[in-house]
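Visitor: Shown below is the structure under consideration.
Values in this text are rule-based calculations from the coordinates and carry no lab data. Since this is a predicted model, take the numbers as computed values, not measurements. Glycine gets a Cβ as well: all are built from the backbone with ideal geometry, and neighbour counts include every protein chain shown.
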């Protein structure tokens, strides 16, 4: 239902329903972030990211992509994403 509201360009209704869901997982959080980005409500997407209990690479990537797609490269660069070491760095010791 959350995804349907977002596809119908009704982000407020999607957020209202999401807040009342008894169980939320990383996939549902990421879907809410992506949906708000698609609807152009980046401020809400960022608030969702900040409220998310367990962020992952998909969470950060969606938010960075959203800022870049909306022409806000500076905010994408300021996003406090965790720095992960690459495979080469990890095994090059």
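Visitor: In degrees between 0 and 90, to the nearest 10, how far off the longest principal axis of the chain does helix 26-38 point, with axes built from Cα atoms?
Guide: 80
Visitor: Angle check, please: helix 42-51 long axis (alpha carbons) against the longest principal axis of the chain (alpha carbons), in degrees 0 to 90, nearest 10.
Guide: That works out to roughly 70 degrees.
Visitor: Is the range 2-91 best put as rounded, prolate or oblate by its Cα gyration tensor, with a ≥ b ≥ c the root eigenvalues, rounded for a/c under 1.5, and otherwise prolate when a/b is larger than b/c, oblate when not?
Guide: Taking the square roots of the gyration eigenvalues as a ≥ b ≥ c, the range 2-91 is oblate.
Visitor: Using a simple spin-label model with points 7 Å from Cα along the Cα→Cβ vector, what separation in nm is obtained for residue 21 and residue 77?
Guide: Distance between label points: 3.4 nm.
Visitor: Compute the helix-to-body angle for 57-69: its Cα long axis versus the longest principal axis of the chain, expressed 0 to 90° and rounded to tens.
Guide: That helix lies at roughly 80 degrees to the long axis.
Visitor: Grab the DSSP H runs of the chain that are 4 residues or longer, score each as -39,500 (n - 2.57), total them, divide by all residues and round the 222 nm result to the nearest 500 deg cm²/dmol.
Guide: -18500 deg cm²/dmol
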